[in-house]
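A short worksheet on the structure shown next.
The values are calculated or read from the model by the stated rules, or taken from the named source; none is laboratory data. This structure is a prediction, so every number in the text was calculated from the model and none was measured. Every residue, glycine as well, gets a Cβ built from its backbone with ideal geometry; the counts of neighbours run over all protein chains shown.
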Amino acid sequence: MLIYGAAIARGSGWDQAAVFAEALGAPMWAAPASERAPFPENHPLYSGGLPFAIEPLSKRLEGHDVALVVGAPVFRYYPHVPGPHPPKGLRLLHISNDPAETARAPVGDSLLGDPVLSLEGLKRLLGHYKPRTTKARETVAHRMAPHGSATAKAFDRRLTAGQVFRAINEVRPADTILVEESPSNLPDLDAAWPITEPDTFYTFASGILGWNLPASVGIALAERDSGRNRPVIAIIGDGSFQYSVQSLWTATQLHLPVLIVVPRNGEYCILKSFVVLEKTQGAPGLDIPGFDVVSIAKGYGCDAARLEDIEQIKEAGSRPGGNRNPRYLRFQYPPKYRHCSDEEREA
């Protein structure tokens, strides 16, 4: 089996990763907690995302003789669920351009090298090898927690996360960049919005909350300043939204075209799933009722609305960033020019 990581995406190696996987005929998995998609998720050999924790990840490796990890650590484990690192009888091989990654790998044999160039070299070594026919497989969605939340709510007549994500994916522009930090909804997002184009997905690498909202602002700024101007949609859970909410101020001050979607379930649902895992029922502070996301966003200068209808959501998702004033896209004014006339700014 092949396990690909974000270094392949950083090296613009989607094509090389696909060619090697097809030549080998091996199932391809995304490494745990990949911050960028390493492979097209609509490819027939794509099998899904590996679990984050030791024991469930080891179970996914069972039944294989060799696992080749390319461009990812071995492995990012979270939370601690003890078990064997590799299952019995599996040989693990590792290619990374990061000497620290190779040094701290708990198992396997590592090669220090460029992941994309290594895939090209390995493809040549296969020569005229003909892969065996592989069986059809069910794609396994990415999942941060090994267990679901015991208190997940089924709201009457309210949209599910999957419905919202499918609606946005149906209407969003083809070149949209997705930034994700809604960990309890990750399986729904993964199923509803497969990543099929390179360099269109970003998330946190470590599982730490609060990175993705400011990251979406930085990515939108980079898109504008580079001239690519691809729209950015950030899906941020209402718990994650609180960690670095001040990023909204930067986005509004720079007039950035970014659409931020906050699924509101009123709780730190991912942490409740860890309560189940750690058997610590009754942990306080995991419900977050009574705050108004729309008013908070408007307070930072954003256009904001609460949407509960699929058609409203589709209308918003079809135009990320709202009404894009070309002057906002072209100019970023330093503070000393804030009170100048338009002619003075342009000069």
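Numbers below:
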| quantity | calculated |
| --- | --- |
| Helices (runs of 4 or more DSSP H) completely within the range 1-61 that count 3 or more residues being touching a helix residue (DSSP H, G or I) at 6+ places or on another chain (Cβ under 8 Å) and touching a residue at least 40 places away in the same chain (Cβ under 8 Å) | 14-24 |
| Test: residue in the range 195-214 that is in a helix (DSSP H, G or I), without any contact (Cβ under 8 Å) to a residue 12 or more places away in the chain and either over 20 Å from Val294 (Cα atoms) or among the basic types (Lys, Arg) (or both) | no |
| Total residues in the range 83-119, condition touching a helix residue (DSSP H, G or I) at 6+ places or on another chain (Cβ under 6 Å) and surrounded by fewer than 16 Cβ atoms within 10 Å (Cβ to Cβ) | 3 |
| Number of the condition not met by Phe165 [criteria: (1) loosely packed, with under 15 Cβ neighbours inside 10 Å; (2) modelled with pLDDT of 90 or more; (3) among the hydrophobic types (A, V, I, L, M, F, W, C)] | (1) |
| In the range 65-82, the residues that are out of contact with any Pro (no Cβ under 8 Å at 6 or more places or on another chain) and modelled with pLDDT of 90 or more | Asp65, Val66, Leu68, Val69, Pro73, Pro82 |
| Test: Val217 is touching a strand residue (DSSP E or B) at 6+ places or on another chain (Cβ under 9 Å), more than 27 Å from Thr160 (Cβ to Cβ) and modelled with pLDDT of 85 or more | yes |
| Single unsatisfied condition, Lys59 versus (1) crowded, with 21+ Cβ neighbours inside 10 Å; (2) within 26 Å of Phe274 (Cα to Cα); (3) modelled with pLDDT under 95 | (1) |
| Pick from the range 65-82, criterion surrounded by fewer than 18 Cβ atoms within 10 Å (Cβ to Cβ) and more than 25 Å from Glu278 (Cβ to Cβ), ranking: nearest to the chain's Cα centre (by Cα) | Val66 |
| One residue from Ala215, Ala234, Ala174, Ala205 being small (Gly, Ala, Ser) and out of contact with any helix residue (DSSP H, G or I) (no Cβ under 9 Å at 6 or more places or on another chain) | Ala174 |
| Subset of the range 248-259 that is touching a strand residue (DSSP E or B) at 6+ places or on another chain (Cβ under 9 Å) and in a helix (DSSP H, G or I) - its residue that is farthest from Ile219 (Cα to Cα) | Leu248 |
| Hits in the range 66-103 - residues which are free of Cβ contacts under 8 Å to residues at least 40 places away in the same chain and touching a strand residue (DSSP E or B) at 6+ places or on another chain (Cβ under 7 Å) | Val74, Pro86, Leu90, Arg91, Leu92, Leu93, His94, Ile95, Pro99, Thr102 |
| Residues satisfying the stated conditions in the range 62-77, i.e. assigned to a loop (DSSP other than H, G, I, E, B) and on the phi < 0 side of the Ramachandran plot | Glu62, His64, Asp65, Ala72, Pro73, Val74, Phe75, Arg76, Tyr77 |
| Matching option when the condition is more than 19 Å from Pro187 (Cα to Cα), outside the structural domain of Thr196 (by TED's automatic domain parsing), in contact with a Pro (Cβ under 9 Å, 6 or more places away or on another chain) and surrounded by fewer than 20 Cβ atoms within 10 Å (Cβ to Cβ), among Ala9, Ala26, Ala18 | Ala18 |
| Failed item in (1) at pLDDT 90 or above; (2) under 26 Å from Arg166 (Cβ atoms), with Ser295 passing the rest | (2) |
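Each row is one residue, and each column tells you yes or no for (1) buried (at least 23 other Cβ atoms within 10 Å of the Cβ); (2) in contact with a His (Cβ under 7 Å, 6 or more places away or on another chain); (3) closer than 22 Å to Arg264 by Cα.
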| residue | (1), (2), (3) |
| --- | --- |
| Thr200 | no, no, no |
| Asp225 | no, no, no |
| Phe241 | yes, no, yes |
| Gln246 | no, no, yes |
